[in-house]
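Worksheet for the structure shown next.
The values are calculated or read from the model by the stated rules, or taken from the named source; none is laboratory data. Owing to the predicted nature of the structure, the values given are computational and were not obtained by experimental measurement. Neighbour counts run over all protein chains shown; Cβ positions are idealised from the backbone, glycine included.
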Amino acid sequence: MLILSVDPGLAGHWILADMDSKILGSWKMPLDKNRKFCPIETWKLICEIDNISANDFEDITVCLEGLLSLPSDTNKITLLIKMVEKDPTPELFENLYKELKKTDGRISTKTMSINWGILRGQFVAKGWKCFTPSPRQWQADVYRGIPGANAKIRGYNFCRSKWPDEDLTEGKRQGFNNGKTDAMCLNEYLRRQLR
């Protein structure tokens, strides 16, 4: 089995690894020329990742970081996601998209919810099992006993110790790519859950 972990932010990252934590692929979140979320580019990346797994005869399980804030009617969204998982028809995807557009709160929350829903729908359409742990869930497990002044530093420290040869220096704010470190930590979280 291969684990695809996704930090869904615009500065997010995708990590594909096997059950022995060997990283097989690492990609920045696919964006369009205006640096906006692009469903077409994400679908192309999903197909590329699917080809990697097919070459190795491996199934893919996804760990997509859950949202901190969901649309106001979360029960309806949850029900629609379950319906899409059972029968991924265009009509159900359209209904899910409409519900996600009704998100309360700031524009960024609404946009993030829509993008997250599209990603989740694409993974379901590929037939991949998808786990969506909240940041609190996976951080509580992965960061236990890891030193650092905040969650981002603790994530960097964990990744540096687990994957010492992996390049983490793509970031701007902290001097490292916290989207990549979050995706790597998500990968570790799901690997532990599936053991």
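The table that follows gives values for the structure above.
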quantity	calculated
Helices (runs of 4 or more DSSP H) enclosed by the stretch 115-195 - at least 2 residues per element that are farther than 28 Å from residue 92 by Cβ, over 18 Å from the mean Cα position of the chain (by Cα) and at pLDDT 90 or above	151-162
Answer residue from the stretch 23-48, given it is of a type in the set (S, T, N, Q) and in contact (Cβ under 8 Å) with a residue 24 or more places away in the chain and is nearest to residue 190 (Cα to Cα) among those	26
Counted residues, the stretch 1-43 - those being part of a loop (DSSP other than H, G, I, E, B) and of a type outside the set (Asp, Glu)	16
Residues of the stretch 46-62 satisfying the condition of being under 14 Å from residue 125 (Cα atoms) and not β-branched (Val, Ile, Thr)	47, 50
Test: residue in the stretch 57-64 that is modelled with pLDDT of 95 or more and of a type in the set (Ser, Thr, Tyr)	yes
Verdict on residue 130 being crowded, with 16+ Cβ neighbours inside 10 Å, under 20 Å from residue 11 (Cα atoms) and touching a residue at least 40 places away in the same chain (Cβ under 8 Å)	no
Residue 103 more than 27 Å from residue 181 (Cβ to Cβ), modelled with pLDDT under 80, surrounded by 13 or more Cβ atoms within 10 Å (Cβ to Cβ) and hydroxyl-bearing (Ser, Thr, Tyr)	yes
